[in-house]
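A short worksheet on the structure shown next.
Throughout, read-outs are computed from the coordinates displayed, never taken from laboratory work. Since the structure is predicted, the reported quantities are computational estimates derived from the model, not experimental observations. We place every Cβ from the backbone using ideal geometry, glycine too, and count neighbours over all the protein chains shown.
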């Protein structure tokens, strides 16, 4: 096996995505992923706790992009606009991955287990966003409400982004979705 070849993590991810797309998430084993990548199962477990984590490995970096952007946003911004800065940064982070977001979402959509894990990830993002807003001096319940509304905006924009017919940039879709929410809440 090619254990000495570089980028084992990337090769494992590429193999997993290919197998999940070809055979389905539930029908794919860790052993098959490792074999396709030319690595051992032991190597797989050095990088990922289980086969689900291949799809969610970027969550900590995504959360960091969001929180850092909120922390460095101008202090004069309203809570929802500070949240938007963070969400747009998260959108840019996702978009840097190229077409992987669409492929990843198709795999997640095919599995109830993965959909549940995705909801947990979104809840964690909402918690992190609320905490970042609290760090800016936003009190509760405003921080929690803003974070939950922001994640709803993010989710709607992301769903539009992964549509095959959509070629718009994710940060722009996030901003447009937020503008729609503001219009609805203003009664326009």
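Points to keep in mind about this one:
- Potential lengthening between residue 142 and residue 40 on full extension [0.36 nm per residue; Cα-Cα distance subtracted]: 31.8 nm
- Annotation for region 88-143 versus region 25-51: alpha-carbon center distance of 25 Å.
- Taking the C-alpha atoms only, the angle from helix 142-161 to the longest principal axis of the chain is near 50 degrees.
- With 10 Å bins from 0: P(r) over region 1-106, alpha-carbon pairs, percent: 14, 36, 26, 15, 8, 1
- For a label point 7 Å along the Cα-to-beta-carbon line of residue 131, residues of region 52-96 with backbone N under 12 Å: 63-64, 67-68
- Calculated FRET efficiency for the pair residue 112/residue 77, C-beta based, R₀ 35 Å, to 0.05: 0.35
- Fraction of the pair-distance distribution of region 13-52 above 17 Å, Cα-Cα pairs, percent: 15
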